[in-house]
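So the structure is just underneath, and the comments pick up after that.
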Amino acid sequence: MIRFEKVTKNYPGPGKPALDQVTVDIDKGEFVYLVGQSGSGKSTALRLVLRELRPTSGRVYVAGKEINRMAGWKVPRLRRQVGTVFQDFRLLPNKTVTENVAFALQVIGKSRREINKVVPETLEVVGLKDKATRMPDELSGGEQQRVAIARAFVNRPMILIADEPTGNLDPQTSVGIMNLLEEINQRGTTVVMATHDHGLVDQFRKRVVELDHGRVVRDEAAGSYGFQH
Amino acid sequence: MQLRYVFTELRSGLRRNLSMHLAVVLTLFVSLTLAGCGLLLQRQADKTAETLGNELQILVNLCVADDPSESPNCSAGEVTKPQLQEIERALNDSPEVDSFEFQTKEEGYEKAKEIYSPEVFEGSDPVITVDDWPAQYWVTLKDPKEADGVISAVSGLDGVSGIKDQREALSQIFGIMTALKYGSWVGAGFLLFAALLLVANTIRLAAMARRREIGIMRLVGASTLYIALPFLLEALVTAAIGVGLTAGALAAFMHWGIGGLEGTIQFLPWIDWTDYVESLIGLVPPGIALIGPALTLIPTLLLTRKYIKV
């Protein structure tokens, strides 16, 4: 589903590459943690999957397509297959929960009928059916992240990318978010989650890919967060 | 494509940046009005030159039957072919002549209709008939100050009833028109530049105000066109208002300005409403209705590519 082939990414200016000859293969339906210290290249790797960045060398494949050679006008279509969740939720403060989720479908041209059907279903999946008309500032952090996940999942993407989704949440709420991501994963969506959260990685055992200074130093099925940290 | 979002955004975008949009509209309005005046003056100059010749030209009037000039050159009545050949030879031989064209009496008569009031051409015994109008040579000089040689060479020839030399009067008229035209264009140029900068600023502000939405739209895979559409429509709306105001101002100029001049200065052929429409929607040179949207859409396209790059 996602394949990095000897991917190197240099940012302009001096310094070591953000990613250095990274080769990783993630299959359909997998749940993968991307761990490592700040600056180890986790976010760079995620941004490469979204084609927000292009590799300096090497190839990135998403859903069988080499995306670094993809024409610019095809990029939106790629992103429709990849849902994204961030640490800071990125909700629109002037829209209700429903409107925030519906927004993702409106702007890619889905019909109103489809939106009216899919948005409530998705809110039910993330457990926010009762709060559909609330504004984001009336929700707790965990609930806001659920809205963000609903927005990322509403178009039923093949891949869900989560960049530190629990970074702003307390441990108990984080477990709730993990349960939700796991449920989405069980529905067939491949999940790639960059995280610093030892507790979660150790509690929900999944494949762990550890980056250090842009290199893959560990790739372990059902791994722990790691003993170096 | 769901356009509801686009129109909601358009409305809120116009409201949010109202003062900026007003600034763009007003600057566009004034600059386009100046540009439009320049276009109309250009047409006025062309029309004048077409009917009366330009400041580089002298007109050689040829004899008509019963020539009113009573010139001895016209004793043979209407100018004849051999006489014409003689005159053309003299024109060809003159070093002062750059080129010349023959205008038949019918062509001259049609042009006269544009200047004189219609009554003089009507009725059973009209004041002016085709046969009253002399055929002419329109002679373009190499140097507007040097015509003595050609005038003396031609004026004595048979078949020439007289020389119409309006260089001085016309050069003043053209001088004024040219000065006004370039004045308008320079003023328009500065203001159009200001309009461009304002448009650029407006887009930057709007993109800043909407950066969160734009970020999300990019992430969820909205197409670039869809993201840019509210910006483009905003640009189009401001341009349309600017062009509309300009059309009104130029119509007022035509009605009161040209209309008033027509009454006082009758020997000039004045531009009419066809020229007005051409200045608005003409293609070459581009009319106001093209310049306006181009001025707002081109920077919008360039800047949205920069600010909302997918």
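Part of a helix (DSSP H, G or I), over 30 Å from B:Ile115 (Cβ atoms) and open to solvent by less than 20 Å² (accessible area, probe 1.4 Å): does that describe B:Val25? Spelling it out, B:Val25 is indeed part of a helix (DSSP H, G or I), over 30 Å from B:Ile115 (Cβ atoms) and open to solvent by less than 20 Å² (accessible area, probe 1.4 Å). Restricting attention to the range A:142-171 and to residues that are modelled with pLDDT of 90 or more and polar (S, T, N, Q), the residue that is farthest from A:Val201 (Cα to Cα) turns out to be A:Asn155. Within the option set B:Gly244, B:Gly248, being closer than 30 Å to B:Glu50 by Cα and at pLDDT 85 or above holds for one residue only, B:Gly248. Within the range B:44-66, the residues that satisfy the criterion of being open to solvent by less than 40 Å² (accessible area, probe 1.4 Å), among the hydrophobic types (A, V, I, L, M, F, W, C) and assigned to a loop (DSSP other than H, G, I, E, B) are B:Cys63, B:Val64.
Do the conditions hold for B:Thr274, that is, is it open to solvent by 30 Å² or more (accessible area, probe 1.4 Å), at pLDDT 85 or above, among the polar types (S, T, N, Q) and in a helix (DSSP H, G or I)? Answer is yes for this residue. Answer with yes or no whether B:Glu213 is within 14 Å of chain A (Cβ to nearest Cβ) and assigned to a helix (DSSP H, G or I). Against the criterion (within 14 Å of chain A (Cβ to nearest Cβ) and assigned to a helix (DSSP H, G or I)), B:Glu213 qualifies. Name the residues in the range A:61-80 that are open to solvent by 40 Å² or more (accessible area, probe 1.4 Å), facing chain B (nearest Cβ under 8 Å) and not aromatic (Phe, Trp, Tyr), would you? If the condition is that a residue be open to solvent by 40 Å² or more (accessible area, probe 1.4 Å), facing chain B (nearest Cβ under 8 Å) and not aromatic (Phe, Trp, Tyr), then A:Gly72, A:Arg77, A:Arg80 are the ones that fit. Within the range A:82-93, being in a loop (DSSP other than H, G, I, E, B), within 8 Å of chain B (Cβ to nearest Cβ) and within 17 Å of the chain's Cα centre (by Cα) holds for one residue alone: A:Arg90. Each residue in the range A:28-43 was checked for being outside any loop (DSSP other than H, G, I, E, B) and not charged (D, E, K, R), and 6 pass. Restricting B:Ser124, B:Ser99, B:Ser69 to those that are within 21 Å of B:Thr48 (Cα to Cα) and either among the acidic types (Asp, Glu) or open to solvent by 50 Å² or more (accessible area, probe 1.4 Å) (or both) reduces the list to B:Ser99.
Look at B:Leu229 and say whether it is modelled with pLDDT of 85 or more, within 23 Å of B:Cys37 (Cα to Cα) and out of contact with any Gly (no Cβ under 8 Å at 6 or more places or on another chain). Here the answer is no, as B:Leu229 does not meet what is asked.
Count of the range A:103-121 residues, restricted to those that are without any contact (Cβ under 8 Å) to a residue 24 or more places away in the chain and outside any loop (DSSP other than H, G, I, E, B), is 9.
For residues that are of a type in the set (D, E, K, R) and away from chain B (no Cβ under 11 Å), scanning just the range A:94-123, find the one that is nearest to the chain's Cα centre (by Cα). Lay out the reasoning, then the answer.
Quick first cut of the range A:94-123, residues of a type in the set (D, E, K, R) only: A:95, A:99, A:110, A:112-114, A:117, A:121.
Then drop every residue that is not away from chain B (no Cβ under 11 Å), which leaves A:113, A:117, A:121.
On the way: A:Arg113: 27, A:Lys117: 24, A:Glu121: 21 Å.
Across the range A:94-123, the extreme among qualifying residues is A:Glu121.
What single numbered condition from (1) assigned to a loop (DSSP other than H, G, I, E, B); (2) open to solvent by less than 70 Å² (accessible area, probe 1.4 Å) fails to hold for B:Leu41? Of everything listed in (1) assigned to a loop (DSSP other than H, G, I, E, B); (2) open to solvent by less than 70 Å² (accessible area, probe 1.4 Å), B:Leu41 misses just condition (1).
Can you name every residue in the range A:145-162 that is open to solvent by 40 Å² or more (accessible area, probe 1.4 Å) and more than 12 Å from chain B (Cβ to nearest Cβ)? Walk me through how you get there before you give the answer.
Taking the range A:145-162 and keeping what is open to solvent by 40 Å² or more (accessible area, probe 1.4 Å), we get A:146, A:155-156, A:158.
Across the range A:145-162, the qualifying residues are A:Arg146, A:Arg156, A:Met158.
When the range A:124-143 is filtered for residues that are within 14 Å of chain B (Cβ to nearest Cβ) and basic (Lys, Arg), nothing remains.
The values are calculated or read from the model by the stated rules, or taken from the named source; none is laboratory data. All values reported here derive from a predicted model rather than from experimental measurement. In this analysis, Cβ positions are derived from the backbone assuming ideal geometry, glycine residues included, and neighbour counts consider all displayed protein chains. Note: accessible area is taken over every heavy atom of the protein model, side chains too, but ligands, DNA and RNA are not part of it. Shrake-Rupley method; radii C 1.70, N 1.55, O 1.52, S 1.80 Å.
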